[in-house]
1. Looking only at the range 453-487, which residues are open to solvent by less than 60 Å² (accessible area, probe 1.4 Å) and of a type in the set (Val, Ile, Thr)?
2. Tell me, yes or no, whether the range 129-144 has at least one residue that is part of a loop (DSSP other than H, G, I, E, B), surrounded by 12 or more Cβ atoms within 10 Å (Cβ to Cβ) and aromatic (Phe, Trp, Tyr).
3. Report the residue count in the range 318-352 for those that are open to solvent by 10 Å² or more (accessible area, probe 1.4 Å) and closer than 18 Å to LYS33 by Cβ.
4. List, please: which pairs have Cβ atoms under 6 Å, are six or more places apart or on different chains, and start with a residue in the range 284-295 that is more than 12 Å from HIS42 (Cβ to Cβ) and touching a residue at least 60 places away in the same chain (Cβ under 8 Å) and end with one that is in a loop (DSSP other than H, G, I, E, B) and open to solvent by 10 Å² or more (accessible area, probe 1.4 Å)?
5. For the range 300-317, give me each residue that is open to solvent by 80 Å² or more (accessible area, probe 1.4 Å) and part of a strand (DSSP E or B).
6. For GLN175, work out the one condition from (1) at pLDDT 70 or above; (2) open to solvent by 70 Å² or more (accessible area, probe 1.4 Å) it doesn't fulfil.
7. Could you list all residues from the range 60-81 that are of a type in the set (S, T, N, Q) and open to solvent by 40 Å² or more (accessible area, probe 1.4 Å)?
8. Which number in (1) touching a strand residue (DSSP E or B) at 6+ places or on another chain (Cβ under 9 Å); (2) more than 30 Å from TYR122 (Cβ to Cβ); (3) assigned to a loop (DSSP other than H, G, I, E, B) marks the one condition that ASP45 misses?
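The values are calculated or read from the model by the stated rules, or taken from the named source; none is laboratory data. Here the structure is a predicted model, which means the values were calculated and not measured. Here Cβ is always computed from backbone atoms with ideal geometry, including for glycine, and neighbour counts include all displayed protein chains. These accessible areas exclude ligands, DNA and RNA; they are computed on the full protein's heavy atoms, side chains included. Shrake-Rupley method; radii C 1.70, N 1.55, O 1.52, S 1.80 Å.
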Amino acid sequence: MANFMQDSVVKYACSCGILNPISKLFFCRHCPKLRCGFCVCHEVDSNFCSNCLENIPSSEARNKKNCCANCFNCPCCHHTLSARATTVIVQKKPDEAAKEGESAAGSETKPDPSKVITKKMYYLSCLACRWTSRDVGIPDQSVATGSWPDNECAYQTRFNALAEYYQAVVQQDKQERQEYLRRKTPKTHKFPSLTDRTGLTVSIIRRQMGWSDKNTQKAKPVNIAPAQNTEDVGQLPESIFTQKINLRNITTVKQRHNQPCEQPFTINKLYPQRRGLWIKRSLRCRECEHNVIKPEYHPTSVKYRIQLFASYHVPDVLLVRCEQPLKAGQPNTVILKLSNPTLHDMEINIVELPTEEDELKMIEEFKRTCTLKDTSLTAATAMDSLKSLTGSPSLTGTGSLTNTSLVRQTSILEEPRVVKLKVNSKLQPPEASFILNLRDDSKEFDDEPQTSTKVEPEFIVSRKSNKVYLRLKFIPDEDLKSGNDVFVGFNMLYTYVNTVTNTPEKKEPTTHVLNCRIYVKVGSIEA
């Protein structure tokens, strides 16, 4: 929480090479790899208003220009406007007064001239800056929602004509492209089915292929008057040089940008703006096209149907402290805290990062293997390429990824790149691996200290529940100067138990050995 509004000191390298904290990464259980915001596809699931929480279909939202029909924003302070009720005196119409006079003449009682008729009316008011719709002359409405007039743009007809023209141009270009593809493809039999003599099957197949029917007319754009420049520019009024300007009555740049059609100069010409719609979006992996984030459909729900955040599947690494002041060329130790968020034990092994030359060679080999289109691209070759890229020596065996869909690497869209952050210290990785216990919420409330008879390695400081405090040794480079930041990087190999089965034959969870590159900013060189 201390680094919530600051840059994180511990960053993970995504599969594409971009560094992000673990809170901004996702984990695809089908690949399985780390994914950042550039490695996923963003899809809009639903549109809704954040004020009235009305769920609006996408087609209706498109017609309403992604704005709510009932909610408005204040043009001055941009808060939500509220509908306030008031009572007004309504004068009787002549025919109603005549009818009442006739009814009163037939009866003994006389009409009461002091009796008045009141009607409830509504106007918009801002509870923050006290702006009302009466300030700009908008008449009060008899209905609280859905009947407020809009300030129409003076150039709306021109915009509509341009939109229709360019839509026709796009439609004509699409029809010409389809006609070119139809002529280019080899002709087959006139009737795809021998029983088809009416041409219905041909029409259905053309629609399924995206081709237009032969009877449809070609779209032709309607000619519109081109825009012409003019040299007649209006002159400034003389009062602008003589009268004093009251800055309270002049609109700000933000207020003018919120109303681009008119861009009023004074505040009394500001009109309420319809509130923009919010969206709920889902994230999909670009490689395997599986969802990593899927929210609930209802606007009031904050839960997720699918939430594959990296913090739920990847060990969390936190920087605790450096035991000694950082000095160039002198050995030092750093204390790291590792947490296991899963319900299975993890075997952790920390190794050194590959050099830049080795990383470039592995990326080129990975690209070359993924672009092969002959029969030599098998699961084994894809496994060897992935093993060389990740630097994992344990991606083989019965619980490995050989039986998964690694042959689909040809559909990868993100391009692997070299990590830009340069490590300026020499890490001394631990010689042995260690076990990170599974997450057990009940152990967090145990008052008694946990004692284990097993002898821990020297680099493990302490252990509690699913957390391990680790001591790593490193030596900063000798060419570092006072004030320079020191970065420590390492490869963390960990075992992951995947409960998702890609094939119906495999119903038991499989164990994978995955790899993630971690970069830690341990501090700066002291004077």
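1. ILE460, VAL468, ILE475, VAL486
2. Yes, the range 129-144 contains a residue that is part of a loop (DSSP other than H, G, I, E, B), surrounded by 12 or more Cβ atoms within 10 Å (Cβ to Cβ) and aromatic (Phe, Trp, Tyr).
3. Of the residues in the range 318-352, 2 are open to solvent by 10 Å² or more (accessible area, probe 1.4 Å) and closer than 18 Å to LYS33 by Cβ.
4. From residues that are more than 12 Å from HIS42 (Cβ to Cβ) and touching a residue at least 60 places away in the same chain (Cβ under 8 Å), the pairs are GLU287/CYS31; GLU287/ILE412; CYS288/HIS30; CYS288/CYS31; HIS290/HIS30.
5. Within the range 300-317, the first condition is being open to solvent by 80 Å² or more (accessible area, probe 1.4 Å), and the residues that meet it are 300, 302-305, 312.
Within the range 300-317, TYR304, ARG305 meet the criteria.
6. (2)
7. Our first condition is that a residue be of a type in the set (S, T, N, Q); within the range 60-81, this holds for 63, 66, 70, 73, 80.
If the condition is that a residue be of a type in the set (S, T, N, Q) and open to solvent by 40 Å² or more (accessible area, probe 1.4 Å), then ASN63, ASN66, ASN70, THR80 are the ones that fit.
8. The single condition ASP45 does not satisfy is (3).
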